[in-house]
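Contents: one structure, followed by commentary.
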Amino acid sequence: MFKSLPLLEKSIRNQFVKMVVALTIIICVTALAFFLYVKSMNQSLKAERESLQEKAVLVEKLEASFQDIFFRSRGYYAFQNEQELKLLYDELAEFEHLLLQFSALDLTPEERELYNSLVEFNTNYKQKVLPKAIGFVEANDYKSLRQLSNSGTNDLVNKFVDYAKDYKDKTDDELNRIFKKTIKQAQQFTLYAFMISCFILLLMAIIMWRVLHNVIRPVEQLTSATNAIATGHSFELGPLVKREDELGLLADSFQFMSKSIQEKEEVLMAQNEELTAQQVELQENQEQLQHSLNQQQKYNQLNHALTFTLDKRKLVTGVHKYLNDLYSFDTSIMYVLEGNVYVSKGLSEQTTQKLVGMLDENKRVRLEQEKSFVITREVTPESQEIAKEPYYCYDLYSSVLNSSGQLVAVLIATREGHRFSTHELEEINGLMNRVSLAFERILMYEEVERSRQLNQDIMDNVNEGIQFVSVTGDVIQVNESLCQIVRCPDWITRKTVHKHTWLDHFQLLCDQPTELTSFFEQAIAEDFKRTRTTRYEISREEGHVFIEVYATSVYEEAEKVGTVFVHRDITKEYEVDQMKSELVSTVSHELRTPLSSVLGFTELLLTKTVKPERQKKYIETIHKEAKRLTNLINDFLDLQRMESGRQQYHMQPLAFDELAFDIVNRFRHEKHHHVHLIDQARCVEVKADQERIVQVLMNLVGNAIKFSPDGGDVVISLENVDDTLQVSIKDEGIGIPANDLTKLFQKFKRIDNSARRKIGGTGLGLAISKEIITKHDGDIWIESEEGQGTTIYFQLPLMNQSLSEQTMKSVEAGVEQKGLQVMIVEDDLSLGLLLSEELKSKGFTVIYHNDPKRAFEDALRIPLVGVVIDLMLGEEMNGWDLVQKLKETDETSEIPIVISSALDQVKETVEKYKIDKYLTKPYPPEELSKVLTTFLLSESSNGNVMFPNEQE
Ligand code: ADP
């Protein structure tokens, strides 16, 4: 179709190659010729310069040698020195040698002439003049010698020297000339080189112009032709087509190509139209597909609802929506006959609720028989606002039946003027069949769920913790009680609890983790028919909990499917057990010990005759031990009575401070222990059974004394805390270990250690006290530090007046003296009480003592604002002794002292001890508080320090 490129003779490439080759040859030849010419010119000039320089050097050397000859000869003549003569001959030889060199050069006629005269001189001098001169010297004939030197030899020398000078000048001139010639030549060469370059540039410009004309212009033509094709215009290539080179070829093919493009374009246009039509068709198909996809999606949703939904409401809603989407009902309702489950469309909530369950009996029967039917009714225009002509409404009734063919749910749907086709009815029937199946499934599920819930409820109401573990060890079911025991409320909601999770939990929970874990693991892993049991213990803040676990394998058709663990809280039983053994040990000890003494001593008295004093001692012991026995039995019976509720309490108003004074009094004869009272309570009225409260106080103070074997103070304190009266009994005894503190209120609970073994007891005292205090709506507790002492507190509710009212009153009365402590030393209990009441009502804290010695000890320790002293106190120490001691001791000398005595005032003694106030009994109690208040005011105004130094 196309001309092949290599066949072209006038191809652009050939032309271009030829031009470039010709240009290269021209440049090379010109450059070579120019180079050779320059080189030959330079060489001739160089040769000329060198020969000139050589001659000049030789002439210079000849001149020097000539002068040396005469210098040596004169040396010889003057001094007749043979050495000089020898050097003269050497110089002559050198001169000859230089002459020979000179003659070998290319000489001008003038130079040749000089040469000849020098040769002649040499010959003449050597052969004639020198031998003659030597002869004259040797003959010492200097006259002849001078004649000989004047004979013209010297002329020759001078002539030669002049010549040599001329010659040098000439040579310099010549060299200058040659140098100038060289410069001129170089300038000429530069000119030639420039001309040659211009010529070459011209050639190149010609070549470029040809390229432009022959290649670029046609290419431009082709480009505009291409543009013309692209924009759909016609074009003309003209002479370009006729050319016989590549561009001609290109233009040819271009024309051919454009023709074929035009033809193909028409074909393409036709195809394009066809494709557009196909695309429209495809789009329609796609829309159809999308529609069916949507339908399919809805259908899938319905299927999902039918297959998986376990909620009736969700199912009814899903089915109703699907049917509405598909069959475009105008109004519809679907509801379940039992339960309040319904959904509607196009109906108000009121109408919907009215319609639910209002299905008439005939329609119900018909639905059960036919599954679905349609009722057509005519709608008259009167009732309608828009429709002018009568039209028909089609009411569809369709049923959901259970397995025994009874109606469970119903669909009622209406279409206005749009009847249900047979195909649609068939479809709806098929669907409602499936809905019936789904309903059946939901009903079954509900039944299963109900029974499962019932099972769980039964399990949760069992007191024991139940835990069902699969064969893999995971917990599958637990009840509430177990969750409470292990304190993991979330286990009940979890589907499974992994083996390691619950085993780890038990490890942390119980006190014997390894035994319990191996029990669990064996029970899970092994097959066993009998029940296995173990026990474990949990330590909690509120105390220890003891649990017994039973493990039983569960079988399904002889295959083990898991293990049931039943956890039973046996703490109560355990404690009863413990109590039993404690009771046995107490009874055996506490009964046997006194009994053995009683028996031993009675036997002794029966069998032996004993001295009367001894007899008395024995009988006293027997009496003491018998009393101990009675106490034990009384305690035991008391507790028994209280616990069984048979104990009668005779509650009556009780002034606690009085009671406390009484108790202190009862212990006044204790040798090693000093019992005293600190009364800080403003309100002390409680409602209580006096006998029982005394029993409590006797127990507690008795314990305080009993467990302080080394003696010490026992302080009963009264104070008001939050509308209660708080009583505390503090001792300095052996104390109680911290971990036993909570247990001590249990029956028969005693601490078993060497320090206590000697101290008797039943372990019932605290239990009885707690029982009594609890019955009084109070609270009791212990604080203790081992080796330091114990404080037992109890609180009782105050009777009538609340504490805050009381406080308000005292504040209003301006008598608030909070925390200021006054000591009363008085052996008359009722007077002591009276004074104490008065002082407390003014806000003082009262420390009551009946023993002056102990009172002094306390005064050393406690900061006091005053001491009230009765003078007649006891045999050992009376009131004045106490005053003296107080005044003598630095720490207490400043405490103001009030004497309260039935004795008359003895002026000297009062002055001697600087008694601040002397009150003679009887005096009104307000007098005392007035006196104390005056002390306070005057002390604070004159700045005296009133408190004794606090002691450690
Ligand atoms: P009992 O005194 O007959 O042993 P209680 O019930 O009164 O029985 O006391 C129980 C235990 O509490 C005592 O055995 C003793 O170990 C301890 N206890 C009670 N009060 C004190 C106390 N004030 N100091 C030290 N330990 C005490």
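Return the only residue of E111, E94 being of a type in the set (D, E), surrounded by 13 or more Cβ atoms within 10 Å (Cβ to Cβ) and at pLDDT 90 or above.
E94
Taking the stated definitions as given, is D740 more than 27 Å from E625 (Cβ to Cβ) and within 8 Å of the ligand (Cβ to nearest atom)? So that I can check it myself, show each step before the final result.
Working: more than 27 Å from E625 (Cβ to Cβ): yes; within 8 Å of the ligand (Cβ to nearest atom): yes.
Considered against the rule, which asks whether it is more than 27 Å from E625 (Cβ to Cβ) and within 8 Å of the ligand (Cβ to nearest atom), D740 comes out as yes.
What number of residues within the range 626-644 are within 60 Å of the chain's Cα centre (by Cα) and either closer than 14 Å to G702 by Cβ or open to solvent by 80 Å² or more (accessible area, probe 1.4 Å) (or both)?
Taking the range 626-644 first, the residues within 60 Å of the chain's Cα centre (by Cα) are 639, 642-644.
Still in the list and also either closer than 14 Å to G702 by Cβ or open to solvent by 80 Å² or more (accessible area, probe 1.4 Å) (or both): 643.
The number of residues fulfilling the criteria is 1.
For the range 743-756, how many residues are near the ligand (Cβ under 8 Å from one of its atoms) and closer than 13 Å to K706 by Cα?
First pass over the range 743-756, keeping only residues near the ligand (Cβ under 8 Å from one of its atoms): 744-745, 749-751, 756.
From what's left, closer than 13 Å to K706 by Cα: 756.
Within the range 743-756, residues that are near the ligand (Cβ under 8 Å from one of its atoms) and closer than 13 Å to K706 by Cα number 1.
Taking the range 180-215 as the search range and keeping residues that are free of Cβ contacts under 8 Å to residues at least 60 places away in the same chain and of a type in the set (F, W, Y), which one is least open to solvent (accessible area, probe 1.4 Å)?
Of everything passing the filter in the range 180-215, F194 is least open to solvent (accessible area, probe 1.4 Å).
Could you please find all residues in the range 769-807 being on the phi > 0 side of the Ramachandran plot, at pLDDT 90 or above and within 11 Å of the ligand (Cβ to nearest atom)? Steps first, please.
Pass one, the range 769-807, residues on the phi > 0 side of the Ramachandran plot: 777, 787, 789.
From the residues that got through so far, the ones that are at pLDDT 90 or above too are 777, 789.
Hit for the range 769-807 is G789, nothing else.
Filter the range 38-54 for residues that are over 21 Å from L99 (Cα atoms) and open to solvent by 90 Å² or more (accessible area, probe 1.4 Å) and give the result.
K39, Q43, K46
Can you pull out every residue in the range 699-711 that is within 11 Å of the ligand (Cβ to nearest atom) and open to solvent by 10 Å² or more (accessible area, probe 1.4 Å)?
N699, G702, N703, I705, K706, F707, P709
For a quick check of your reading of the model, give me the residue pairs whose first member lies in the range 162-173 and is of a type in the set (D, E), whose second is in a helix (DSSP H, G or I), with beta-carbon atoms closer than 9 Å and at least 6 apart or on different chains.
D172/A56
Here are some residues: S597, S585, S581. Which one is assigned to a helix (DSSP H, G or I), touching an Asp or Glu at 6+ places or on another chain (Cβ under 6 Å), farther than 30 Å from L833 by Cα and among the hydroxyl-bearing types (S, T, Y)?
S597
Answer yes if at least one residue in the range 726-733 is within 11 Å of the ligand (Cβ to nearest atom), open to solvent by 20 Å² or more (accessible area, probe 1.4 Å), part of a strand (DSSP E or B) and within 30 Å of H544 (Cβ to Cβ), and no otherwise. Steps first, answer last, please.
Looking only at the range 726-733, we keep the residues that are within 11 Å of the ligand (Cβ to nearest atom), and these are 729-733.
Retained after the next criterion (residues that are open to solvent by 20 Å² or more (accessible area, probe 1.4 Å)): 730, 732.
Then keep just the ones that are part of a strand (DSSP E or B); that gives 730.
Pick out the ones that are also within 30 Å of H544 (Cβ to Cβ) and you get 730.
Within the range 726-733, one or more residues are within 11 Å of the ligand (Cβ to nearest atom), open to solvent by 20 Å² or more (accessible area, probe 1.4 Å), part of a strand (DSSP E or B) and within 30 Å of H544 (Cβ to Cβ).
Could you please find all residues in the range 645-663 being open to solvent by less than 30 Å² (accessible area, probe 1.4 Å) and at pLDDT below 85?
Within the range 645-663, just Q647 meets the criteria.
Does the range 55-65 include one or more residues that are open to solvent by 60 Å² or more (accessible area, probe 1.4 Å), basic (K, R) and not in a helix (DSSP H, G or I)?
Among the residues of the range 55-65, not one is open to solvent by 60 Å² or more (accessible area, probe 1.4 Å), basic (K, R) and not in a helix (DSSP H, G or I), which makes the answer no.
Considering the range 514-561 alone, what residues qualify as being under 30 Å from L741 (Cβ atoms), modelled with pLDDT under 90 and open to solvent by less than 50 Å² (accessible area, probe 1.4 Å)?
Of everything in the range 514-561, those that are under 30 Å from L741 (Cβ atoms), modelled with pLDDT under 90 and open to solvent by less than 50 Å² (accessible area, probe 1.4 Å) turn out to be R540, G543.
State whether the residues of the range 258-275 include one that is of a type in the set (A, V, I, L, M, F, W, C) and closer than 30 Å to N214 by Cα.
The answer is yes, given that some residue of the range 258-275 is of a type in the set (A, V, I, L, M, F, W, C) and closer than 30 Å to N214 by Cα.
Looking at the range 430-456, I want the residues that are over 20 Å from G339 (Cα atoms) and have a partner that is assigned to a helix (DSSP H, G or I) and of a type in the set (A, V, I, L, M, F, W, C) with Cβ atoms under 6 Å, at least 6 apart or on another chain. Which pairs are those?
R434/L306
Regarding the range 757-768, can at least one residue be identified that is near the ligand (Cβ under 10 Å from one of its atoms), open to solvent by 40 Å² or more (accessible area, probe 1.4 Å) and within 30 Å of R540 (Cα to Cα)? Before you say what the answer is, go through the steps one by one.
Quick first cut of the range 757-768, residues near the ligand (Cβ under 10 Å from one of its atoms) only: 759-768.
Next cut, open to solvent by 40 Å² or more (accessible area, probe 1.4 Å) only: none.
Scanning the range 757-768 turns up no residue that is near the ligand (Cβ under 10 Å from one of its atoms), open to solvent by 40 Å² or more (accessible area, probe 1.4 Å) and within 30 Å of R540 (Cα to Cα).
This table checks each residue for (1) modelled with pLDDT under 90; (2) surrounded by fewer than 16 Cβ atoms within 10 Å (Cβ to Cβ); (3) under 21 Å from C393 (Cα atoms).
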residue: L323; (1), (2), (3): no, no, yes
residue: T331; (1), (2), (3): no, no, yes
residue: Y342; (1), (2), (3): no, no, no
residue: Q353; (1), (2), (3): yes, yes, no
residue: M358; (1), (2), (3): yes, yes, yes
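Note down all Cβ pairs under 6 Å where the first residue falls in the range 767-784 and is over 16 Å from Q652 (Cα atoms) and charged (D, E, K, R), the second is away from the ligand (no atom under 11 Å from the Cβ) and open to solvent by 20 Å² or more (accessible area, probe 1.4 Å), and they're at least six residues apart or on different chains.
These pairs meet every condition: D779/Q795.
Would you confirm, using the coordinates I've provided, whether L7 is of a type in the set (A, V, I, L, M, F, W, C), open to solvent by 70 Å² or more (accessible area, probe 1.4 Å) and at pLDDT 85 or above?
no
Restricting to the range 216-272, name every residue that is part of a helix (DSSP H, G or I), of a type in the set (D, E) and open to solvent by 60 Å² or more (accessible area, probe 1.4 Å).
E220, D252, E263, E265, E266
So D638 ticks every box in (1) assigned to a helix (DSSP H, G or I); (2) more than 16 Å from the ligand (Cβ to nearest atom); (3) among the acidic types (D, E) but one. Which box is left unticked?
Against the list (1) assigned to a helix (DSSP H, G or I); (2) more than 16 Å from the ligand (Cβ to nearest atom); (3) among the acidic types (D, E), D638 comes up short only on (2).
Here are some residues: G346, G318. Which one is within 24 Å of I442 (Cα to Cα) and either surrounded by 14 or more Cβ atoms within 10 Å (Cβ to Cβ) or of a type outside the set (S, T, Y) (or both)? Break it down into steps so the answer makes sense when it comes.
Numbers: G346 fails: within 24 Å of I442 (Cα to Cα).
After ruling out the rest, the residue left standing is G318.
The values are calculated or read from the model by the stated rules, or taken from the named source; none is laboratory data. On a predicted model such as this, the values are computed, not experimentally measured, just so you know. Reconstructed Cβ throughout: ideal geometry from the backbone, glycine too, with neighbour counts over all protein chains shown. The area values use the complete protein model at the heavy-atom level, side chains included, leaving out ligands, DNA and RNA. Shrake-Rupley method; radii C 1.70, N 1.55, O 1.52, S 1.80 Å.
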